[in-house]
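Pasting in a structure now, in structure tokens, and then I'll have a few things to ask.
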């Protein structure tokens, strides 16, 4: 006999109270919370006014980062310049994400570009506008 077992990740790994408390202090006006959990991190998608964000936390409640989809024009000028000097400057931009971290100089900016159906990249820029990682993506 074969038994089929499936479970929702939220049933397997509940969000610790300390994580929820840290989030509530950091974003007291957040709405539409959708938590996802893992063994080594907890994430919550939420809205703050008209902004859509995703915050990430370590199991002991430490804030790791917050991601926000933004327009290219909202990126720091140095990051825009870094992209415009890159070999991807002529590729169509599909998405732009600003990643805020506890240490401001560790912030990152993701620019997803796509030249063709099979040629899509996630470009990672630092706060100085340096492209330091190019990831293939689907």
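The values are calculated or read from the model by the stated rules, or taken from the named source; none is laboratory data. All figures in this text were calculated on a predicted structure; none of them were measured in a lab. Don't worry about glycine lacking a Cβ; one is built from the backbone with ideal geometry, like all the others, and counts go over all protein chains shown.
Provide a single number: the residues in segment 20-33 that are crowded, with 16+ Cβ neighbours inside 10 Å, farther than 16 Å from residue 101 by Cα and in contact (Cβ under 8 Å) with a residue 40 or more places away in the chain.
0
Yes or no: residue 34 more than 25 Å from residue 136 (Cβ to Cβ), modelled with pLDDT of 95 or more and not in a strand (DSSP E or B)?
Considered against the rule, which asks whether it is more than 25 Å from residue 136 (Cβ to Cβ), modelled with pLDDT of 95 or more and not in a strand (DSSP E or B), residue 34 comes out as no.
Additional query: Is it true that some residue in segment 34-52 is free of Cβ contacts under 8 Å to residues at least 40 places away in the same chain and farther than 29 Å from residue 14 by Cβ?
The answer is yes, given that some residue of segment 34-52 is free of Cβ contacts under 8 Å to residues at least 40 places away in the same chain and farther than 29 Å from residue 14 by Cβ.
Scan segment 101-124 for residues that are in contact with a helix residue (DSSP H, G or I) (Cβ under 9 Å, 6 or more places away or on another chain) and under 19 Å from residue 43 (Cα atoms) and jot them down.
Within segment 101-124, 109 is the sole residue that qualifies.
Same structure, new question: Among the numbered criteria (1) touching a helix residue (DSSP H, G or I) at 6+ places or on another chain (Cβ under 9 Å); (2) not assigned by TED's automatic domain parsing to the domain that holds residue 130, which single criterion is violated by residue 43?
Of everything listed in (1) touching a helix residue (DSSP H, G or I) at 6+ places or on another chain (Cβ under 9 Å); (2) not assigned by TED's automatic domain parsing to the domain that holds residue 130, residue 43 misses just condition (1).
Criterion first (under 17 Å from the mean Cα position of the chain (by Cα), surrounded by 14 or more Cβ atoms within 10 Å (Cβ to Cβ) and under 21 Å from residue 111 (Cα atoms)) does residue 48 satisfy it?
No; evaluated as a whole, the condition is false for this residue.
Take the residues of segment 51-65 that are surrounded by 11 or more Cβ atoms within 10 Å (Cβ to Cβ) and out of contact with any strand residue (DSSP E or B) (no Cβ under 8 Å at 6 or more places or on another chain): which is nearest to residue 103 (Cα to Cα)?
Residue satisfying both the conditions and the ranking: 62.
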